[in-house]
Each structure stands twice: as structure tokens, then as C-alpha cells.
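Structure, as C-alpha cells:
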Amino acid sequence: QVQLVESGGGLVQAGGSLRLSCEASGRISTYAMGWFRQAPGKEREFVAAIDWSARSAKYAESVQGRFSVSRDNAKKTLYLQMTSLKPEDTAVYYCAKERTPYGLGYPPRGFGSWGQGTQVTVSS
């Protein structure tokens, strides 16, 4: 079982930027990876996904054009670059790995390994 550890969260003012990282304990190169978030009192929601080959990425409409997902398979690390942050982006952000290899990561129904999350707080 691959362990995922997120980092990079913090407190930032609206309009600011953050880059989240997700380091895996094992190989992720053949798996689609994704980012999700959960705000207080809300259900976890999909944010972004990148396919196993890094040729395609998919974003939630709410973050399209502001967030960018990428991966470095040699470093076994997934990234989420977040810009133009808004207070409504405040949430715990989780990375995840698909259960089966060679997937696209979208629709986001196949994720089975999760990190512990990192808090992102955007002040107005």
C-alpha cells in the first residue's frame, strides 16, 4: 500500500498563491493521481486529476484556469499549483492515487489511496 503525504498548505491572503506537494512512499508512475478538498461542513470534492502519462489533466470548473496539477514520477511526487486563491478555496486538500494502473483519473471514481490532508486557509 503506497502512503501519500501532502505538504505545502498554509494561510494566504486572497489573490495569493500556494504550491501543494504530495510525496508517495512507492511507485506512482503508472497511476493517475488526483487532488480533492473538503471544506468544513461540506462533502469532499474533486479538484484536479492527471493521468498516468501526464499527457492530460482535468479540473473542476471552480478552479479551472487558476490551479495546475503536475507530477514528477522520478521524485514520486504530485503537485498542485494554486494561484488567484479565493476564500472559498479554504479546505483540507487531499491527494489520491487510482486503484488500477494506466487510468485517466476522470471521472474521479477510481481513487483508493488517500493522504492525510493539508490545510489551506485563504483570508479575505
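The values are calculated or read from the model by the stated rules, or taken from the named source; none is laboratory data. Just so you know, these numbers come straight off a predicted model, no measurement behind them. For neighbour counting, all protein chains shown are included, and Cβ atoms are generated from backbone atoms with ideal geometry for every residue, glycine included. With ligands, DNA and RNA removed, areas are computed over all heavy atoms of the protein, side chains included. Shrake-Rupley method; radii C 1.70, N 1.55, O 1.52, S 1.80 Å.
Between the amide H of G115 and those of C95, distances stay under 5 Å, these residues lying 5 or more places away or on another chain, with hydrogens modeled in the peptide plane. Taking the chain as a Gaussian network of alpha-carbon nodes connected by springs under 10 Å, the highest mean-square fluctuation of the residues G15, G112, G41 belongs to G41.
When both bridge partners sit in the chain, DSSP labels roughly 90% of those beta bridges antiparallel.
With θ taken as phi - 60° and the Karplus curve 6.51 cos²θ - 1.76 cosθ + 1.60 applied, the whole-hertz 3J(HN,Hα) list for segment 23-34 is 9, 9, 7, x, 5, 10, 4, 9, 10, 5, 10, x Hz, x standing for glycine and proline. The charge dipole of the chain, taken about the Cα centre with unit charges on the Cβ atoms of Lys, Arg (+1) and Asp, Glu (-1), comes to about 260 debye, rounded to the nearest 20. Rolling a 1.4 Å probe over the protein heavy atoms gives the chain an accessible area of 52 Å² per residue.
The P(r) of segment 73-113 has a tail past 15 Å containing 58 percent of all C-alpha pairs. Using a probe radius of 1.4 angstrom, the carbon and sulfur fraction of the accessible surface of the chain is 46%.
Semi-axis lengths, largest first, of the ellipsoid equivalent to the chain are 23, 14, 13 Å, with √(5λ) applied to each eigenvalue of the Cα gyration tensor.
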